[in-house]
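All of the numbers you see were taken from the coordinates with simple rules; none came from a lab. Treat the numbers as computed from the prediction; the structure is a model and nothing was measured. A quick note on method: Cβ atoms are made from the backbone with ideal geometry, for glycine too, and the neighbour counts reach across all protein chains shown.
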Amino acid sequence: MLSGKRIILGVTGGIAAYKAAYLLREFQKAGAEVRVTMTPSATRFIGSDTFASLSGHEVAVEIFPDEGQSDDWTRHIYWGEWADLFVIAPCTANTLAKITHGISDNMLTSTVLAARCPILICPTMDGEMYESPSVSKNLTELEQKGYHILEPASGYLASGLEGKGRLPETEDILRSASDIIGNMEGPLEGKKVLVTAGPTREYLDPVRFISNPSSGKMGIAMAEAARDLGAEVILIHGPLSVAAPDDLRRVPVTSAAQMFDAVKEYQDADIVIMSAAVADFTPSEVHEHKVKKSESGSEIRLKRTQDILKWLGENKKEEQILIGFAMETENLLRNARTKLDEKNADYIIANSLNDQDSGFGSDLNKVHLLSKTSDEQFKATKKDLGRILLNKIFRNRY
């Protein structure tokens, strides 16, 4: 159940914090991607560098990071959109109380408020603390609010006494996490999503073609995000520079005409995401054999390709959601809004080639999500953006 899932592991300031390193490893062995957020007091028991090394991601501790760390103080928002499950293990009485009452004075508690996924809390403390009326009341209130609580184990405690308050065994936490995820139904469950990705190639002869540097990364990220949200996904793609997931229904094409034919075949999809970089022009004449230098002229005659996004907008079925992409080098928002209106799209995801770490081939992207009534800006890896954008679009629809 955990394979391919995204998990935030929250670590608070108890002696059992060191066990979270083993828990992280077991999540990874189960196939999950894990990111870690710690309370400042947790770092007194185990260093954040340990979790950064094991997870391959920077650990989030302070809302306003120290110099030299990521300056993205809104990281809790993105992580909250990114995750499938948030596991807090160990969770001290202090953090338990903060979560109960909505206090967000560090990155972990802020991420709790921003999370759009189930939250599993593993309360871990001395036995007398666990049995106290305040902790019991907080646990009851959190369960009533929909949080998942895994009761602590009994045994020898850090105080030297025996009682109930130990962090549950790793396999028990994994089992509980799997049960929660196994019972989840994604917001796109039962929906069919069509995604286009990558470039097209318009051949002049058997060895030469007109194309663009699109890698297909953003389109694949959108397809994976739709899949992870429960949708049935059809990925129509041109020649990709990166590997496409094996667990998606893939329709490989080469030219804009072939992509148009494939899109028409699946136009009944509930959601269409046109992220492919489709050529606007194709040669008027395609030569059967390689054109020799001695035979070629100085001109190539071109004709327009089918505007697939416009055709989809003109033939959009009732309740269908149409999402287009716009990449510009100037007047980004003005051109994107014109595209939104002219193509009858519900959303346009727009980015500029002039922005650093954005555009063709980059692992990062900075985009505007435009609708007829809103404009929101996001910056993250393309892999994360797929999840962030689809969560933003469909959170209130399904």
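Taking 0.36 nm per residue of separation and subtracting the current Cα-Cα distance, fully stretching the chain between Lys293 and Lys392 would add 30.4 nm.
Spin-label model, Lys145/His57: points 7 Å from Cα along the beta carbon direction are separated by 2.2 nm. Which residue fluctuates most in the GNM of the chain (Cα springs below 10 Å): Ser41, Ser53, Ser298? Of the options given, Ser298 has the highest mean-square fluctuation. Ranked from largest, the principal axis spans of the Cα set of the chain equal 91, 44, 36 Å.
Judged by the mean number of other Cβ atoms found within 10 Å, the most tightly packed of the peptides 217-226, 4-13 leads the ranking 217-226, 4-13.
Extension gain, Leu302 to Ser3, is 102.9 nm, computed as 0.36 nm per intervening residue step minus the present C-alpha separation.
Restricting the GluC sites (Glu not before Pro) of region 302-398 to loop positions (DSSP other than H, G, I, E, B) with no more than 14 neighbouring Cβ atoms within 10 Å leaves Glu318, Glu319, Glu330. Which of Leu108, Leu157, Leu302 moves the most in a Gaussian network model of the chain with Cα springs under 10 Å? Top of the fluctuation ranking is Leu302. Take the chain, connect every pair of alpha-carbon atoms lying under 10 Å apart with a spring to form a Gaussian network, then pick out the residue of Ile388, Ile99, Ile121 with the largest mean-square fluctuation. In the Gaussian network model the winner is Ile99. If you take all other residues with their beta carbon under 14 Å from the beta carbon of Asn183, and give Lys and Arg +1 and Asp and Glu -1, the sum is -2.
For a Förster distance of 45 Å, can you work out the FRET efficiency between the beta-carbons of Glu169 and Thr74, rounded to the nearest 0.05? Please list the in-between numbers first.
Values: r = 36 Å, r/R0 = 0.79.
The computed FRET efficiency comes out at 0.80.
So what's Rg/Rh here for region 6-182, counting alpha carbon atoms and using the Kirkwood radius for Rh? Intermediate values should be presented prior to the final figure.
On the way: Rg = 15.0 Å, Rh = 16.0 Å.
Rg/Rh for region 6-182 comes to 0.94.
So in the chain, what percent of DSSP beta bridges are antiparallel if you round to the nearest 5? Expressed as a percentage, antiparallel bridges in the chain total about 30.
Dipole magnitude for region 6-182: computed about the Cα centre from +1 point charges on Lys and Arg Cβ and -1 point charges on Asp and Glu Cβ, it is near 220 debye.
Per residue, the convex hull around the alpha carbon atoms of region 162-252 comes to 136 Å³. Sorting the segments 129-135, 234-240 by their mean number of nearby beta carbons within 10 angstrom, highest to lowest, gives 234-240, 129-135. Which one, Leu369, Val61, Leu240, projects farthest toward the positive side of the charge dipole computed for the chain from Cβ point charges (K/R +1, D/E -1)? Looking along the dipole axis, the top candidate is Leu240. The magnitude of the dipole of the chain, with charges of +1 and -1 set on the Cβ of Lys/Arg and Asp/Glu and taken from the Cα centre, is near 760 debye.
Restricting the trypsin sites (Lys or Arg not before Pro) of region 265-334 to loop positions (DSSP other than H, G, I, E, B) with no more than 16 neighbouring Cβ atoms within 10 Å leaves Lys290, Lys292, Lys293, Arg301, Lys317.
Would you be so kind as to identify which of Asn183, Leu340, Leu389 lies farthest towards the positive end of the dipole of the chain, taking Lys and Arg as +1 and Asp and Glu as -1 on Cβ and the Cα centre as origin? About the Cα centre, the residue reaching furthest to the positive side is Leu340.
Select from region 15-112 those GluC sites (Glu not before Pro) which occupy a DSSP coil region and have at most 15 other Cβ atoms within 10 Å, ordered by residue number. Walk me through the numbers before you get to the answer.
Numbers: sites: Glu26, Glu33, Glu58, Glu62, Glu67, Glu81; in loops: Glu58, Glu62, Glu67.
Of the GluC sites (Glu not before Pro), the ones in loops of region 15-112 whose Cβ has at most 15 other Cβ atoms within 10 Å are Glu62, Glu67.
Cut-off 18 Å, label point 7 angstrom out along Cα-to-Cβ of Ser159: give me the residues of region 95-136 whose amide nitrogen falls inside. Zone members listed by number: 95-97, 123-136.
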